[in-house]
């Protein structure tokens, strides 16, 4: 009821403003409804932004030619998990080293006082994220009281329904609607191709997929019902991790063996010299192959059909929380149903994104297929 | 008079027999639990198939071989070893410190070992000359031993009663947890993930190499504990009585704490921090067989192994196909046993 009234009020105000100032309004204010349904008002496109998850700098880079220039503060997670991509950004934008930190990578490390003292004109938070998110009631209340607008976007909780609206929201608050619309249509076209093709084959067998999120040399986690698990189901596979009670968990290897998955996918963010799946920016193909080969040669996975038939794939982990997820979807569609999607080229998708959108191109290995 | 003596002798023999029987019963229960542990899993593989695979590996298909030899056996054996070492470490600590609240976990020895491990995992720092594969173990031991020596120094100070020791131990727990927290704050995502997983305590890290290593530690250390049983029992009667029996208390303390540090560091570096066993294992043992260390030490080994083995079963069985980190389950399994024993003792 309140929302309705406030919407009505805003409509009245906007209409009045239009009548009074016409189209020559000195500062055109921006009103957006963010991904969790809050209405947010900005006086002008944001120029001093707080990123609740530092890694979303790469999302800003899709829409803004100089993303670092508009970031007033961020969390430290991009430095921690960005690997060589972070180094590449630092080379291209040395000013990035001076972006003030508002906290490390956990919600509990974020300082609201620091955010307020940076006098941002907008905070961009993920609806569910490592940084402050829609559940961080204290941070939201304090920032709102300080008059700092917060916009929630989401590429993680519901990547398939929220990516395009989130990009459109970002386009509006950054004053980059045109670029956002271009990306949205690019994204939708590719997505609809996969959706449409799968819809034409309702009786398609759904191969079992076992995904490991590799982190160093400890036993890996696997996705449950959310996020990457959703990716698997979306491209017409069966995620054997759906039995997990949470979004992520450890599967009993015995269960994995008895399920006999047809496809094995590892995700990772390791850089050369670290344990794990070496993949991402500025990584060479042979380095990814080496680490993937090691993963496939562990004796616990040796009895899997997927391993014996060479259906072993690797993918950069950070696609899980990014509008670049379209490339991951294409790769996974190709691996799961080569008979339908064999011609898709996920690295080609990244190339097109590089050329048309990204301020700093991605180069390196982001997807890999184990060569025997 | 001689009648009385005879009664005491008969009573002693009765008690002795009862305690030996209890040790046998604990052994039996541990064996049964181990058998259940290796017979339980999300696949349809039953106990007889497991036995077949154990005795003629090549007659079974690859999947069965891997399930038995790489999944079930390492988890189950590791559970026994870790439970045994933490529990006997706790038993010795309680006697040496003369404090029922003493255990590697409550007095900060595990926290110190964790911090050492975090230094190795997150920053890669260790003693010069230690290879990367031994860093975690070496650091865990170094800090565990440092912490026990600190505790020991404090407990020998005048005026530091049992409460003082517990308070100091709690201070160590918080100090080392804070240090570890600072490291975590600075860690890269990859190292942090590794460390978090490690600090949860999980048997999924078990493999034959770590089993072999922990087994060597146990076989090298536990006989010395058992050989000190008489001296430890004497110490239970008080430091002065122990001295009057000719026990070199200082030396006994030092060697005992060295053993505690090695056992704690060994298990902590292979499966992570598991809190509950070192405190409750020895209490369960003492509630069953009393304070005589000839019995309470082996009973601690067995009760620790038994609780961990039960926890291992639960960690696999709670959610079909998933593994709940065993550190979480241990308390849930051990507490009911503990409470039942306390109430039984009261009603007696």
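The values are calculated or read from the model by the stated rules, or taken from the named source; none is laboratory data. For clarity, every value in this text was computed on a predicted model and none was experimentally measured. Counting neighbours? That spans all protein chains shown, and the Cβs are built from the backbone with ideal geometry, glycine included.
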#### Entry: Set B:313, B:342, B:284, B:318: member being surrounded by fewer than 19 Cβ atoms within 10 Å (Cβ to Cβ) and at pLDDT 85 or above
B:318
### Options B:91, B:35; residue that is touching a helix residue (DSSP H, G or I) at 6+ places or on another chain (Cβ under 8 Å), more than 14 Å from chain A (Cβ to nearest Cβ), in a helix (DSSP H, G or I) and within 20 Å of residue A:255 (Cα to Cα)
B:35
### Query
If you take just the helices (runs of 4 or more DSSP H) that sit entirely in the range A:298-361, which of them hold at least 3 residues that are on the phi < 0 side of the Ramachandran plot and crowded, with 24+ Cβ neighbours inside 10 Å?
A:325-336
### Query
Do we find that residue A:111 is closer than 24 Å to residue A:38 by Cβ, within 14 Å of chain B (Cβ to nearest Cβ) and either surrounded by 22 or more Cβ atoms within 10 Å (Cβ to Cβ) or modelled with pLDDT of 95 or more (or both) in this structure?
no
### Task
Return only the number of the condition from (1) over 25 Å from the mean Cα position of the chain (by Cα); (2) within 14 Å of another protein chain (Cβ to nearest Cβ) that residue B:71 does not satisfy.
(1)
### Query
If we keep just the residues of the range A:239-264 that are out of contact with any helix residue (DSSP H, G or I) (no Cβ under 7 Å at 6 or more places or on another chain) and not in a helix (DSSP H, G or I), which is farthest from the other protein chains (Cβ to nearest Cβ)?
A:247
### Query
Residues of the range B:17-49 being more than 30 Å from residue B:288 (Cβ to Cβ) and either crowded, with 19+ Cβ neighbours inside 10 Å or touching a residue at least 40 places away in the same chain (Cβ under 8 Å) (or both), which ones?
B:41, B:42, B:43, B:45
### Query
Within the range B:192-214, is there a residue that is without any contact (Cβ under 8 Å) to a residue 40 or more places away in the chain and touching a helix residue (DSSP H, G or I) at 6+ places or on another chain (Cβ under 7 Å)?
no
### Query
Going by the conditions given, is residue A:258 over 23 Å from residue A:129 (Cα atoms) and at pLDDT below 95?
yes
### Query
For the range B:99-217, which helices (runs of 4 or more DSSP H) that fit wholly inside it have 3 or more residues that are surrounded by 16 or more Cβ atoms within 10 Å (Cβ to Cβ) and either at pLDDT below 85 or within 14 Å of chain A (Cβ to nearest Cβ) (or both)?
B:132-156, B:162-186, B:189-200
### Query
If a residue has to be within 20 Å of residue B:74 (Cα to Cα) and crowded, with 20+ Cβ neighbours inside 10 Å to count, how many in the range B:325-339 make the cut?
5
### Message
Take residue A:273 and tell me if it is part of a strand (DSSP E or B), within 11 Å of chain B (Cβ to nearest Cβ), at pLDDT below 95 and over 22 Å from residue A:334 (Cβ atoms).
### Response
no
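Here is a yes/no grid of residues against (1) surrounded by 20 or more Cβ atoms within 10 Å (Cβ to Cβ); (2) within 14 Å of another protein chain (Cβ to nearest Cβ):
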| residue | (1), (2) |
| --- | --- |
| A:90 | no, no |
| A:95 | no, no |
| A:101 | no, yes |
| A:107 | no, yes |
| A:125 | yes, no |
| A:128 | no, no |
| A:131 | yes, yes |
| A:135 | no, no |
| A:149 | yes, no |
### Task
For the range A:284-303, name all the residues that are closer than 20 Å to residue B:191 by Cβ and within 14 Å of another protein chain (Cβ to nearest Cβ).
A:291
### Task
Could you name every one of the helices (runs of 4 or more DSSP H) located completely within the range B:256-348 that has at least 2 residues being without any contact (Cβ under 8 Å) to a residue 24 or more places away in the chain and away from chain A (no Cβ under 14 Å)?
B:326-347
